[in-house]
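The values are calculated or read from the model by the stated rules, or taken from the named source; none is laboratory data. Please read all numbers here as calculations on a predicted model, not as lab measurements. Virtual Cβ from ideal backbone geometry, glycine too; neighbours counted across all protein chains shown. These accessible areas exclude ligands, DNA and RNA; they are computed on the full protein's heavy atoms, side chains included. Shrake-Rupley method; radii C 1.70, N 1.55, O 1.52, S 1.80 Å.
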Amino acid sequence: MDRKEIKTVLLLGSGALKIGQAGEFDYSGAQALKALKEEGIHSVLINPNIATVQTSKDVADTVYFQPVTPEFVERVIEKERPDGILLSFGGQTALNCGVELYEKGVLEKYGVEVLGTPVQAIIDTEDRDLFVKRLDEIGVKTIKSEACNTIEEVQKAAHELGFPVILRAAYALGGLGSGFCDNDEQLLAQAEEAFSFSPQVLVEKSLKGWKEIEYEVVRDRFDNCITVCNMENFDPLGIHTGESIVVAPSQTLSNSEYHKLRALAIKIIRHIGIVGECNVQYALDPNSEDYRVIEVNARLSRSSALASKATGYPLAFVAAKLGLGYGLFDLKNSVTKTTSAFFEPALDYVVVKIPRWDLTKFHGVKRELGSSMKSVGEVMAIGRTFEEALQKGLRMIGQGMHGFVENHEIKIPDIEKSLHEPTDMRIFVVSKALKIGYTVEQIHQLTMIDRWFLEKLKHIVDIDQQLKENALLSEVSEYMEPSEFMEYLRSPEIFPLLRAAKIYGFSDFQIGRAIGLENRMKMAEAGLTVRKWRKALGIVPTVNQIDTLAAEYPAQTNYLYLSYQ
C-alpha cells in the first residue's frame with residue numbers, strides 16, 4: 001500500500017499496569033502517534049492504561065480504553081476500519097496480540113495491512129525453533145536450546161544439554177517464569193512455574209558470567225541500516241536486563257569486539273527482514289571474542305526508550321515513519337530539521353540506567369535478582385564519566401542514598417554471600433566490600449562484574465578516602481567565609497581534590513559528610529557550606545547538549561545535562 005493511501009492507522013498500546021508492560025512502552029507509542037499526526041493520518045489507539053502520555057488528550061485522534069486482546073481489537077477494527085496497524089510499539093503484549101490476529105485471519109478479513117516489520121519476521125524472532133533456524137542460515141551463533149511442551153521434555157533436554165541450564169517461558173513478559181537450574185529439584189520447580197505462564201518452555205545451556213551487550217538497529221524497506229546505540233550490562237549474563245545497571249555506550253569492549261557485534265546485528269536485521277527498529281542482545285565471552293545471540297526483539301523495547309533518550313535519536317518516531325514506507329534518506333533529524341536521520345550518533349558522554357525496586361513494601365518477598373524481572377521503574381543519568389553518571393543515578397532511585405559512598409550504614413551479615421547471590425542492594429554491597437578491604441579481583445571472582453567497572457567504583461572509594469584523610473579540610477572552620485581562607489582552598493592539597501570529587505559525581509553533601517562537617521552542623525548546612533567553597537573556587541557545572549548536531553538549534557531541544565569538566 002502506498003503511504004498516500006493510508007488514511008487511518010490502528011496502534012496497539014501496551015496494556016494494563018503490570019511488570020513487563022504499561023509505562024515502559026508509553027514513550028515509544030507516544031512517539032509513533034506523533035509521527036502519524038505529522039503525516040496527517042487519523043490515529044486510533046487501544047490502551048486500557050489511563051496513566052500514560054499516549055492516552056492523554058489530543059495525542060491520538062481516537063482512544064479505546066480496552067484490553068489489548070484479539071477479541072477487543074477485532075471489534076475496534078470492525079468499527080474503525082483502519083488501513084494499517086502498528087504492532088511494534090506496545091511491547092510483547094501488542095506483538096503477541098498482533099500475531100494472533102494475523103494467524104486467525106482477522107487482519108486479512110478486514111483488509112488491514114501490517115505496517116513496518118512483516119508478521120512472519122515477528123514470528124521468526126518469537127518462535128525459538130524458527131529463530132535458531134533463521135540465524136543458522138547465515139552462520140550466526142545462538143544459545144543452544146530446546147523448545148519443550150511437557151515437563152518430561154524439559155527433563156530430557158536439560159540432561160542432554162547438561163547443568164546448569166536456564167528455563168524461559170516463551171512469549172512471556174519481563175522474563176516471567178524463567179530461572180537458572182543447577183539440579184533436577186530446581187528444574188522441576190522452575191518448569192512448573194514456567195508452564196504456568198506459557199505452553200512452551202525453552203531449555204537453554206547457561207552462559208552465566210558472560211557479558212550481556214545490546215545493539216539498537218534501524219532498517220528501512222530499501223535495506224539501509226544503521227546502529228543507533230550499543231549498550232552494556234554492568235552485571236554479567238544471568239540477571240535480567242531490566243534488573244541490571246545498563247551503560248551506554250559500552251565501556252569494556254575492544255574496537256574489534258564492538259565492530260564484530262555491530263556487523264552481526266546489521267546482518268541479522270537484514271536477513272530476518274525487519275522494517276523499523278529492533279534490539280539485538282548478545283552474550284559475549286569475556287575471555288575471547290566468542291558470542292551467542294540471546295534474542296532479537298522485533299519491536300521497540302525498554303532499551304529502545306533508553307537509547308532514544310541517551311542519544312537524542314527518536315527511534316520510535318523514525319520507526320513509525322519507516323513503517324509508513326519512508327526511507328532513512330527521506331527523513332530529517334527531528335531536532336535540527338536539516339541534518340538527515342540517516343546517521344549514527346556519536347556519544348562523548350556516558351549514560352547509566354539504574355533500575356528501582358519497591359521490594360521493601362512487601363513482607364517475605366525474595367530479594368534475590370535473576371532472569372525474571374522484579375523492578376518497577378528505572379532512572380537515567382548522564383555524565384562525562386561513568387563514576388559521575390552512576391552517582392547521579394543512585395541519588396535518584398528512591399532508596400535514600402546519596403551516591404555510591406557516604407550513605408547511611410547498611411547491615412550486611414554475609415558480604416561474600418551477598419556478592420555471589422545478587423539482590424536489589426547489590427551495588428551498595430560492592431561499595432561496602434571495597435570500603436572494608438575487598439580487592440577488585442576478589443569482588444570480580446564473586447560477582448563476575450567486569451574489572452573495568454570495579455576499578456571505576458574503587459576510584460570513587462579512593463576519592464572518598466582522600467577527602468576523609470585531608471587534614472587541611474578537616475581543620476577549616478565551617479563558619480569562616482571563603483575569602484578568609486582562599487589560600488587554603490587554592491592549595492594543591494584541596495583544590496584538585498574538590499574538583500576531582502565533583503568531576504566524579506560527588507554531591508556537595510557527600511563531600512561535607514566525608515570531611516566531617518555533618519558532625520559540626522545541621523545535615524543540610526554541610527552541603528551548602530561545600531557549595532559556597534567550590535563556587536568561590538569557580539568549580540561550577542556546565543550545560544551540555546547531547547545531540548551535537550543540534551548545536552546550532554539550542555532552542556529546539558530539551559536534551560541537556562549538567563556536568564563538571
Check cross-link reach from residue 535 to the aspartates and glutamates: straight Cα distance under 17 Å, and skip same-chain residues fewer than eight apart.
478, 481, 484, 487, 508, 525
With each pseudo-label sitting 7 Å past Cα toward Cβ, what's the residue 347-residue 562 distance in nm, one decimal?
2.2
For the chain, build the charge dipole from Cβ charges (+1 Lys, Arg; -1 Asp, Glu) around the Cα centre, then report which of 86, 386, 473 sits farthest towards its positive end.
473
With r defined as the distance between the Cβ atoms of residue 123 and residue 415 and R0 fixed at 45 Å, what FRET efficiency is calculated, to the nearest 0.05?
0.45
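Calculate how many DSSP beta bridges within the chain are antiparallel, expressed in % of all such bridges and rounded to the nearest 5. Mind showing how you got there, number by number?
Values: 52 of 66 bridges.
That works out to approximately 80 percent antiparallel.
How big is the dipole moment of the chain about its Cα centre under a simple scheme where the beta carbon of each Lys and Arg is +1, that of each Asp and Glu is -1, and everything else is neutral? Debye, nearest 20, please. It would help to have the intermediate numbers written out before the result.
Working: 63 positive and 78 negative charges, 254 e Å.
Here the size comes out at about 1220 debye.
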Tell me which residues come under 5 Å, amide H to amide H, from residue 49 once H is placed; ignore anything under 5 positions away on its chain.
15
List every residue whose amide H lies under 5 Å from the amide H of residue 563, counting only residues 5 or more places away in sequence or on a different chain, with H placed 1.01 Å from N in the peptide plane.
542, 544
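Could you give the length gained by full extension between residue 137 and residue 81, i.e. 0.36 nm per residue of separation minus their alpha carbon distance, to one decimal place? Before the final figure, lay out each step's value.
Details: separation 56, 0.36 × 56 = 20.16 nm, distance 3.85 nm.
Gain on extension, residue 137 to residue 81, equals 16.3 nm.
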Unsatisfied cross-links (Cα-Cα over 31 Å) in the set 211/374; 321/353; 208/456; 79/332; 208/309; 211/432
79/332
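Using R₀ = 22 Å, calculate the FRET efficiency as 1/(1 + (r/R₀)^6) where r is the Cβ-Cβ separation of residue 56 and residue 110; round to 0.05.
On the way: r = 28 Å, r/R0 = 1.26.
After rounding to 0.05, the efficiency reads 0.20.
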Anisotropy class of the stretch 316-441 from Cα gyration tensor, a/c 1.5 cut
prolate
Under 14 Å from residue 133, Cα to Cα: aspartates and glutamates that are on another chain or at least 8 residues apart
124, 146, 295
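Counting Lys and Arg as +1 and Asp and Glu as -1, each charge on the Cβ, what is the dipole of the stretch 327-427 about the Cα centre in debye, to the nearest 20? Working shown, then result.
Numbers: 14 positive and 14 negative charges, 70 e Å.
The calculated dipole for the stretch 327-427 is roughly 340 debye.
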In whole Hz and in residue order, list the ³J(HN,Hα) couplings for the stretch 112-120 that follow from phi through the Karplus curve 6.51 cos²θ - 1.76 cosθ + 1.60, θ = phi - 60°; x for Gly and Pro.
9, 8, 6, 8, x, 4, x, 4, 4
In the full protein assembly as shown, how much of residue 72 is accessible to a 1.4 Å probe, in Å² to the nearest 10?
70
Quick check: residue separation of residue 263 and residue 155 times 0.36 nm, minus the Cα distance between them. What number comes out in nm?
35.2 nm
So, with +1 on the Cβ of K and R and -1 on the Cβ of D and E, and no other charges, what is the size of the charge dipole of the stretch 1-146 about its Cα centre, to the nearest 20 debye?
260
With 0.36 nm assigned to each residue of separation and the Cα-Cα distance removed, residue 535 to residue 208 gains 113.0 nm
What spacing in nm lies between the two simple spin-label points modelled at residue 356 and residue 330, each 7 Å away from Cα in the Cβ direction?
4.0
Under the helix-only model (-39500 (n - 2.57) for each DSSP H run of 4 or more, divided by the residues of the chain), the mean residue ellipticity at 222 nm, to 500 deg cm²/dmol, is -11000 deg cm²/dmol
Quick one: angle between helix 426-435 and the longest Cα principal axis of the chain, in degrees between 0 and 90, rounded to 10, please.
30
Run the 1.4 Å probe and let me know the accessible area of residue 129, rounded to the nearest 10 Å².
80
Quick one: 3J(HN,Hα) in Hz for the stretch 211-227, Karplus 6.51/-1.76/1.60 with θ = phi - 60°, rounded, Gly and Pro as x.
6, 10, 10, 10, 10, 9, 10, 10, 9, 9, 6, 8, 6, 7, 10, 9, 9
For the stretch 134-190 and the stretch 260-300, distance of Cα centres in Å
20
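Relative contact order, percent, of the chain when contacts are C-alpha pairs under 8 Å separated by at least 6 residues? Before the final figure, lay out the partial values.
Numbers: 1095 pairs, mean separation 64.2, N = 565.
Result for the chain is 11 percent.
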Under 5 Å, built H, 5+ apart or other chain: amide partners of residue 378
356
Tell me, what ³J(HN,Hα) does each residue in the stretch 516-524 have, in order and in whole Hz, if you take phi through Karplus 6.51 cos²θ - 1.76 cosθ + 1.60 with θ = phi - 60° and put x for Gly and Pro?
x, 4, 4, 6, 10, 7, 5, 3, 5
With each pseudo-label sitting 7 Å past Cα toward Cβ, what's the residue 490-residue 180 distance in nm, one decimal?
5.6
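Ignoring the sites themselves, what is the longest stretch of the chain with no GluC sites (Glu not before Pro) in a DSSP loop and at most 11 other beta-carbon atoms within 10 Å?
138-408
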For residue 486 the rounded accessible area (nearest 10 Å², probe 1.4 Å, non-protein molecules ignored) is 40
